[in-house]
Amino acid sequence: MEFAFYVAAAVALAATVMVVTRLDAVHALLYLVVSLLAIALVLYTLGAPFAAALEVILYAGAIVVLFVFVVMMLNLGRVALAQERRWLAPRTWIGPGLLALVLLVELLAVLGPTPPVQPGAISAQAVGAALFGRYLLGVEIASMLLLAGLVGACHLGRRTTEGT
Amino acid sequence: MNELVATLAGYSSAWFGPQWGPPVWVFVKTLVLILVITLPLFGCVAYLTLAERKIIGYMQVRIGPNRVGPAGLLQPIADAVKLMFKELIIPAGANKFLFVLAPMLTLMPALAAWAVIPFGPEVVLADVDAGLLYVMAITSMGVYGVIIAGWASNSTMGFALVCVLLVSQSLNLSDIVNGQARGRFAAEGLNFLSWNWLPLLPMFLVYFISAVAETNRAPFDVAEGESEIVAGFHVEYSGMTFAVFFLGEYANMILVSALATIMFLGGWLPPIDAPLLNAIPGFFWLVLKIGFLLFCFLWFRATFPRYRYDQIMRLGWKVFIPLTIVWLVLVAAWMQTPWNPWQ
């Protein structure tokens, strides 16, 4: 299990690096899918099969599919490739990269030696009980936020020339 | 059988040592079981295409394929050989790697999902607790193969299954089947009235219609509708790549039928609690029910005219989703009353 965790984590890191560095948006998205699948496996090895399944169903199965659709519809061509190449020039990313490195070192120092995670399977029932028990307020607030987003999307997508 | 398994496990330990023997044995055993499941599945897919042509032929008062082998029985093999030797054309503008990868991405989820399908009591490759979630996660990956598919029927199918979860209180597919063995009618020997299809009849219909749409079958096969759009693999793919797409589609049909059988039609359970019927192995009943649902797929194709794209959208969003949500609340309330049939 521990071995599987490290393999999945390494795949996730490698795939994420590829997402950032690919010039073609479709290729980047496909690497993003791989990265999400690897994270799902990481969650599974940590004993959270429910979270792993949701990660695959929601992120890899629904949200990134939407991304792929949009990218394919926009039909990004050579101009977008050239733009990506400009953005990936060393002088563009070296500054933010150095600053992020400082933050990473700080994070590692703060985290320090953490106790190893105990892999004990968390069942779907346990997740449900926690969501609708202890975290009910958070769930409700999130659902209200999503509803507002839904209404907003409906409003934006409405035809303005209605009835004419 | 158990002795044979134990002997083989012993050989593995003898060859690879006590530390590496057991993992190697598990690996080999799983590999063999995967082959035992997938190879017959390929055969089923091949003969499903023949059954489709024959059944639709008879429904349209034709004979169907009858030239290759007795009564056309070797037709699928001839088709496979033909596709294998056809030229593989890759469009000049396509990314070669992705072009060849896409058909595999459709086929793989359709096969991988079979790992958790129970063929009988205790007869399952991986008896995972979150079996249903696994199936949904794996099949949701199939969209990447045919990215043109997916009209959000995923959500209706998922919703319809939530009702099944509610009444069986488990995500494990074997537990869901076993849950259908109990109930008021089952106590009187009429098992088939205790299966989920009757109390959840609207959900069964929603699930099955969504499944037909999900697998891009008539009357929802907009990907093949000449009048609206000629898109996707029917145009650009040829030879073996087309065959793999085709295989994936038919394997998906068998998969959703198997899921419907497990969720709503009692899986491997016999319809009536009689000694004669109980003596027949559960696998037979499972195959019989899957076969019936597959026949329905073909029946639909021969019966209904194709839906227009906006009609499919309306059906999914304005009929199925509201219906499912209402029924979900209704079932949840029903379970709290004394008339709860799922105790």
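Compute the Cα gyration tensor for chain A, then decide on rounded, prolate or oblate, letting a ≥ b ≥ c be the square roots of its eigenvalues: rounded whenever a/c is under 1.5, prolate when a/b is larger than b/c in the other cases, and oblate in all that remain. Taking the square roots of the gyration eigenvalues as a ≥ b ≥ c, chain A is oblate.
Here's the list of lysines a cross-link from B:K96 could span, going by alpha-carbon distance under 25 Å and ignoring same-chain residues fewer than 8 apart: B:K82, B:K86.
Convex hull volume of the Cα atoms of region B:1-118, normalised per residue: 216 Å³. Each residue of region B:247-255 was assigned a 3J(HN,Hα) from its phi angle through the Karplus expression (A = 6.51, B = -1.76, C = 1.60, θ = phi - 60°), giving 4, x, 5, 6, 5, 5, 4, 5, 5 Hz with x at Gly and Pro. Counting only lysines at least 8 places from B:K289 when in the same chain, those with an alpha carbon closer than 23 Å to its own are B:K54. The mean number of partner chain beta-carbon atoms within 10 angstrom of a residue's beta-carbon across peptide A:52-59 is 5. Computed log10 I(q)/I(0) for chain B at 0.07, 0.13 Å⁻¹: -0.34, -1.13, from the Debye equation with unit scatterers placed on every C-alpha and solvent omitted. Modelled spin labels at A:I63 and A:A100, positioned 7 Å past Cα toward Cβ, are 1.8 nm from each other. Note on region A:5-82: Cα-only Rg and Dmax are 13.8, 45 Å.
Which FRET efficiency value, to the nearest 0.05, is calculated for B:C296 and A:Y135 with the Förster distance at 60 angstrom and r the Cβ-Cβ distance?
0.90
Accessible area buried by the pairing of A and B, both sides summed with a 1.4 Å probe, works out to roughly 1200 Å². With the gyration tensor restricted to C-alpha atoms of region B:236-278, the semi-axes of the equivalent ellipsoid amount to 36, 10, 4 Å, longest first.
How large is the translational diffusion coefficient of the protein assembly as shown in µm² per second when you combine the Kirkwood radius over alpha carbon pairs with Stokes-Einstein at 25 °C and 0.890 mPa s? Walk me through the intermediate numbers first.
Values: Rh = 26.0 Å.
Rounded to a whole number, D works out at 94 µm²/s.
Extension gain, B:A279 to B:S13, is 92.0 nm, computed as 0.36 nm per intervening residue step minus the present C-alpha separation. The protection proxy used here, the mean number of other Cβ atoms lying within 10 Å of each residue, ranks peptides B:108-121, B:130-143, B:252-265, B:271-284 as follows, highest first: B:252-265, B:130-143, B:108-121, B:271-284.
Computed from the C-beta positions of B:N2 and A:T160, the FRET efficiency with R₀ = 56 Å rounds to 0.20. Annotation: Cα Rg of region B:260-317 relative to the compact-globule expectation 2.2 N^0.38 Å equals 1.60.
The values are calculated or read from the model by the stated rules, or taken from the named source; none is laboratory data. Keep in mind it's a predicted model, so treat the numbers as computed, not measured. Cβ coordinates were reconstructed from backbone atoms using ideal geometry, including for glycine residues, and neighbour counts include every protein chain displayed. Ligands, DNA and RNA are excluded from the accessible area calculation, which covers all protein heavy atoms including side chains. Shrake-Rupley method; radii C 1.70, N 1.55, O 1.52, S 1.80 Å.
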